[in-house]
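The values are calculated or read from the model by the stated rules, or taken from the named source; none is laboratory data. Just so it is clear, the model here is predicted, and its values are computed rather than measured. Here the Cβ is made from the backbone with ideal geometry for all residues, glycine too, and neighbour counts use every protein chain on show. Side chains included, ligands, DNA and RNA excluded: accessible areas come from the protein's heavy atoms. Shrake-Rupley method; radii C 1.70, N 1.55, O 1.52, S 1.80 Å.
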Amino acid sequence: MPERLIVIGGDAAGMSAASQAKRLRGDELSVIGFERGEYSSYSACGIPYWIAGDVQDEELLVVRSPEEHRRNGIDLRMRTEVEQIDLDTGRVAVRDLTGGGSYSEGFDHLVIATGAVPVRPALPGVDAEGVFGVQTLDDGAAVLSDLDKRKPKQAVVVGGGYIGVEMAEALARHGLTVTVVDREAQPMTTLDPDMGEIVHRAMEEDLGIDVHTDTTVTGFETDHDGRVRAVVTAEGIVPAEIVVLGIGVRPNTALAEQAGVRLGDHGGIRTDVQMRVLGRDHIWAGGDCVEVLNLVSGQYQHVPLGTHANKHGRVIGHNIGGSYATFPGVVCTAVSKVCDLEIARTGLRERDARRAGFGYITVTVRSGTKASYFPGTQRITVKMTAERHTGRLLGTQIVGSRGSAKRIDTAATALWNRMTVEELTALDLAYAPPFSPVWDPILVAAREAAAAVRETR
């Protein structure tokens, strides 16, 4: 009899694990997947761009449909929720959300890939009609349906992180008057506040979005039909006909915790480098439900990104399939955009460096995306953080016009290899006037950081 693999979650980590394991073991492995939603293997990162109209059809965001998975030998059961995991007996209790029936299935290997869920603060009116979280394609479809049916004119986005900023732009492009309410000093708290201020200005000046920072939401007012009509803040009332919660996500680990799986400080599942759940043979976890090691700070954190989820799944699939693979950790690299302003970061912010106990220096340089004389050159701001005395690169942030963001990959590679800013200045980067100044902005920042480090010695 073939061994049985059960996968909870039909998106990036879960289906990557299932596909890789099935490719390696073929008929020796029976694979069953459970997904409670309507879609499998899709790009959640593309949802704001679908809502904005850049992507015309949600099906374009689906990398592999349930039917394709089934043709590859994976018994993927949609609209089916796992309600309980019994690790001692090796069984899961399952409910069919469409037909209503319940049953159980046994497993030899189990992959927990339950993802994350949007944070919904326990505030009055948060469950009102017209208040949306945006995490799945089903969520995106609900927002678009509401926009089409209700034709709202005023929108409020609560939170100024990646999803908040991207959804604010999407709603503005639908012609709505948009207000962003954020309790932090600046939007994009993945950046330091001085870099977030550049994003703040772009949102207001380029998109006409009203950004309220240092503002705490205390509740939501509703009309007589139970529909949201305003966001209540400590500073006053902000009218709203539709609200999007962009205040982050948390690991969806209630099912795992009930089964006795160990969670970390941030509520995510802890695994070893092979993505095996700590203390549990044949139990694996990956994607947005796990915590990962930050290779710069040496601390565990929750980093919900599709890039990591796909890698987790591949690692799990290799190990279940009899091969060997590891996921050593992350350096926290991410990019986004608002209008034509590109936003990128990798490594530690100043607050992260302090929390990890580093003494550090920072430099900020302003340069151009191309040679200064070349038509179309745009401004770019690079902030670089290095360890005091040693000069080890700790982090880089970039905010600039088109052609800026992907430069972050150079800094991410340097972080991965524990390079110093002095070593970074010597990198042999490509140069031609249409692409870069003769000294790339990354190299200019590294040069200034190296000089600042030398002054500390």
Evaluate the distance, in nm, between pseudo-label points positioned 7 Å from the Cα of residue 457 and of residue 86 along their respective Cα→Cβ axes. 6.5
Heavy-atom SASA rank of 324, 360 (probe 1.4 Å, accessible area, largest first): 324, 360
In whole percent, what relative contact order does the stretch 120-215 give with Cα contacts below 8 Å and a gap of six or more residues? 22
Please report the carbon-and-sulfur percent of the accessible area for the chain; probe 1.4 Å, protein heavy atoms only, DNA, RNA and ligands left out. 47
Tell me the mean residue ellipticity at 222 nm calculated for the chain from its helices only (DSSP H runs of n ≥ 4, each -39500 (n - 2.57), averaged over every residue, nearest 500). -8000 deg cm²/dmol
Residue 439 accessible area, nearest 10 Å², 1.4 Å probe? 110
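Convex hull over the alpha-carbon atoms of the stretch 337-457: what's its volume per residue in Å³? All intermediate terms of the calculation are to be shown ahead of the outcome.
Numbers: hull volume 10.9 nm³, N = 121.
Cα convex hull per residue, to the nearest whole number: 90 Å³.
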√(5λ) per eigenvalue of the Cα gyration tensor, the chain, largest first, Å: 37, 31, 20
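Starting from the residue with the highest accessible area, list 27, 214 in decreasing order, probe 1.4 Å.
Working: 27 140, 214 100 Å².
Solvent-accessible surface, decreasing: 27, 214.
Only loop residues by DSSP count here, and only those with at most 13 other Cβ atoms within 10 Å; note down the trypsin sites (Lys or Arg not before Pro) in the stretch 1-89 that meet that.
Working: sites: 4, 22, 23, 25, 36, 64, 70, 71, 77, 79; in loops: 36, 64, 79.
The qualifying sites: there are none.
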What distance in nm separates the simple spin-label points at residue 374 and residue 119, each placed 7 Å from Cα in the Cβ direction? 4.1
With every protein chain in place, what's the accessible area of residue 410 (1.4 Å probe, Å², nearest 10)? 40
Checking the cross-link filter: which lysines have an alpha carbon closer than 22 Å to that of residue 383, excluding same-chain neighbours under 8 positions apart? 337, 370, 406
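Which whole number in µm²/s is D for the stretch 296-346 by Stokes-Einstein, with the Kirkwood Rh taken over Cα pairs at 4 °C and 1.567 mPa s? Before the final figure, lay out each step's value.
Values: Rh = 13.1 Å.
In µm²/s, the coefficient rounds to 99.
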Taking the alpha-carbon centroid of each part, what is the distance from the stretch 127-142 to the stretch 166-190 in angstrom? 16
Roll a 1.4 Å probe over the protein heavy atoms and report the accessible area of residue 355 in Å², nearest 10. 150
Evaluated at 37 °C with a viscosity of 0.692 mPa s, what Stokes-Einstein diffusion coefficient in µm²/s does the stretch 207-330 have when Rh comes from the Kirkwood expression over alpha-carbon pairs? 189
What does a probe at residue 108 reach in the stretch 18-52, counting residues whose amide N is under 15 Å from the point 7 Å along Cα→Cβ? 21-32
Quick one: accessible area per residue over the chain, 1.4 Å probe, rounded to a whole number of Å²? 44
Counting Lys and Arg as +1 and Asp and Glu as -1 over every other residue whose Cβ sits under 14 Å from the Cβ of residue 365, the net charge comes to +2
Can you pull the one-decimal nm distance between simple spin-label points at residue 299 and residue 366, each 7 Å off the Cα toward Cβ? 3.2
